[in-house]
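Asks: One structure, as structure tokens, below. Some questions next.
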Amino acid sequence: MSKQAPPRRLKTVLAVTLLAALPVLTRAESFVDVKPSPQQVAWQDLEFGVIVHFGTNTFLDREWGDGTAAPSVFHPDKVDPDQWARAVKAAGVRYMVLVAKHHDGFALWPTGQTDYSVKASPWMGGKGDLVRMASDAAKKNGLGFGVYLSPWDRHDPRYKDSAAYDKYYLAEMEELVQNYGPLTEWWLDGAGSAGHVYDFAKYVETLRTYQANTMVFADVALFDYGDIRWVGNEQGIVQGENWNVIDRHGQLRWRPLEVDTPLHKNHWFFSSKPDFAASLKTVDELMDNWESSVGHGGQLMLGVAPDTHGLLPEADVRRLAEFGRALKARYGNEANLVSKHAATDDNTAAAIDDDPSTFWSAPAGSANATLEVDLGRDVTFNTAMSMERLDAGQNVHAYAVQAWDGSAWKTVAQAQAIGHMKIDHFAPVTARKVRVNILSSVGTARIREFKLFDVKP
């Protein structure tokens, strides 16, 4: 005997009760409503990473492999990821991403999904695992570790069938996300993917199953919901004001910038051609990259390339160390002219203590406010560094750095966005008192650090 259906009114009551029990999902109404995740805040605090390109292209003087190279061409004799990690750490780098599979489809770990990998090469008798070696080296040297697994695959025939290739990519992803420890970042490069349909939702779902804290990098043209976005160039610069929230097809999302650029101009992979050595960036060029990326609220991702031995060239190692020393000399705590200052209140002190975990806060709900510092003596400076606390969003929409000339406040720099970090250069000025004038904020402005420097050419 069939059960009697409940009255319509009871059905309605049950439906309303069930809906009330579900979490309320609200769509952000404006840019300032969008906040970063704790993982995004932690990633932005890393500031400086490297991406390592090493594979069959290294031995063939290529930047773009076509998937036809024989695995036998991969035969380095002195592979030492620990040397890579030591060298990049000397430059101030905090995490290292390995290109585990580039567009040519050759895998640098012994994947069970294809024979087109290191297990088919003469390196270490086919028993090597470069992802393992790089992961271990990063951990040993206190660096985060990440993986680049190219969606575009020019070798595997399954790429022509989107559904079959999704299964292949996901199987390789599962190997990488389950077996190599916590991953700082997962790179999804959109190169060559025009017209191909990927199941990105499943990719990210799989990644999040095993690596909930990993940040996903992808160009906004590739798919909507990455955690990090491409800056749009490979010159190492952020153009214009840098806002962390972007509008992607009517959807607002916190998506900070990563600024990728190679250590050797126009070379991501090592080359034996004469122009490779000549393309090594100078310390000044690297400093410009750092100031134009990290110093504009972005993340610098510097490309390094081991040679055919599996080592970073000695010239590269020296240059990285030189840059690290120059960066510390210019922006280290010892160079900060605000470290010594007159007595001040606890709120102001929290922004000038060389400790980014503390912060100055404007009055709650104020649209403008000033963070004023008495240096206790006349100081000459030409550069200011400001860092906004972003946990509650990017609230500063206009600011000015101002110096007291004895009778009035003189503006020496002015812009809109501060974000994670903003470096402002200006003509040298000598003053005892200086301030950050928050000209406009939506929500309560909070400044983690305010520093002054006398930068020499």
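Asks: Residues to consider are 105, 112; find the one that is in a loop (DSSP other than H, G, I, E, B) and surrounded by fewer than 21 Cβ atoms within 10 Å (Cβ to Cβ).
Replies: Among 105, 112, only 112 is in a loop (DSSP other than H, G, I, E, B) and surrounded by fewer than 21 Cβ atoms within 10 Å (Cβ to Cβ).
Asks: Then there is this: Mind telling me which of the residues 383, 370 ends up being of a type in the set (Val, Ile, Thr), farther than 24 Å from residue 298 by Cβ and touching a residue at least 12 places away in the same chain (Cβ under 8 Å)?
Replies: Result of the check over 383, 370: 370.
Asks: Still on this structure, I have one more. Among the listed residues 284, 219, identify the single one that is more than 17 Å from the chain's Cα centre (by Cα) and surrounded by fewer than 23 Cβ atoms within 10 Å (Cβ to Cβ).
Replies: 284
Asks: Of the residues 221, 212, 191, which single one is under 26 Å from residue 46 (Cα atoms), touching a His at 6+ places or on another chain (Cβ under 9 Å), part of a loop (DSSP other than H, G, I, E, B) and not assigned by TED's automatic domain parsing to the domain that holds residue 392?
Replies: Of 221, 212, 191, the one residue that is under 26 Å from residue 46 (Cα atoms), touching a His at 6+ places or on another chain (Cβ under 9 Å), part of a loop (DSSP other than H, G, I, E, B) and not assigned by TED's automatic domain parsing to the domain that holds residue 392 is 191.
Conditions (1) in contact with a helix residue (DSSP H, G or I) (Cβ under 9 Å, 6 or more places away or on another chain); (2) without any contact (Cβ under 8 Å) to a residue 12 or more places away in the chain; (3) of a type in the set (D, E, K, R), marked per residue:
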residue: 252; (1), (2), (3): yes, no, no
residue: 257; (1), (2), (3): yes, no, no
residue: 263; (1), (2), (3): yes, no, no
residue: 270; (1), (2), (3): yes, no, no
residue: 273; (1), (2), (3): no, no, yes
residue: 281; (1), (2), (3): yes, no, yes
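Asks: Moving to a separate point now. Which of the residues belonging to segment 338-388 are farther than 19 Å from residue 424 by Cβ, under 28 Å from the mean Cα position of the chain (by Cα) and among the polar types (S, T, N, Q)?
Replies: 357, 358, 361
Asks: What residue, of 258, 291, is of a type in the set (D, E, K, R), assigned by TED's automatic domain parsing to the domain that holds residue 101 and not in a strand (DSSP E or B)?
Replies: 291
Asks: Collect the residues in segment 133-143 that are surrounded by fewer than 20 Cβ atoms within 10 Å (Cβ to Cβ) and touching a strand residue (DSSP E or B) at 6+ places or on another chain (Cβ under 8 Å), keeping them in residue-number order.
Replies: The one that is surrounded by fewer than 20 Cβ atoms within 10 Å (Cβ to Cβ) and touching a strand residue (DSSP E or B) at 6+ places or on another chain (Cβ under 8 Å): 139.
Asks: Give the residues of segment 243-266 that are more than 16 Å from residue 219 (Cα to Cα) and either buried (at least 20 other Cβ atoms within 10 Å of the Cβ) or of a type in the set (A, V, I, L, M) (or both), sorted by residue number.
Replies: The answer is 262, 263, 264.
Asks: Take segment 416-457 and flag every residue that is polar (S, T, N, Q), under 21 Å from residue 347 (Cβ atoms) and part of a strand (DSSP E or B).
Replies: 437, 440, 441
Asks: Any idea how many residues of segment 373-397 are under 17 Å from residue 441 (Cα atoms) and of a type outside the set (A, V, I, L, M)?
Replies: Number satisfying all stated conditions: 8.
The values are calculated or read from the model by the stated rules, or taken from the named source; none is laboratory data. Note that the coordinates shown come from a computational prediction; the quantities given were computed from them, not determined experimentally. Cβ: placed from backbone, ideal geometry, glycine included. Neighbour counts: every protein chain shown.
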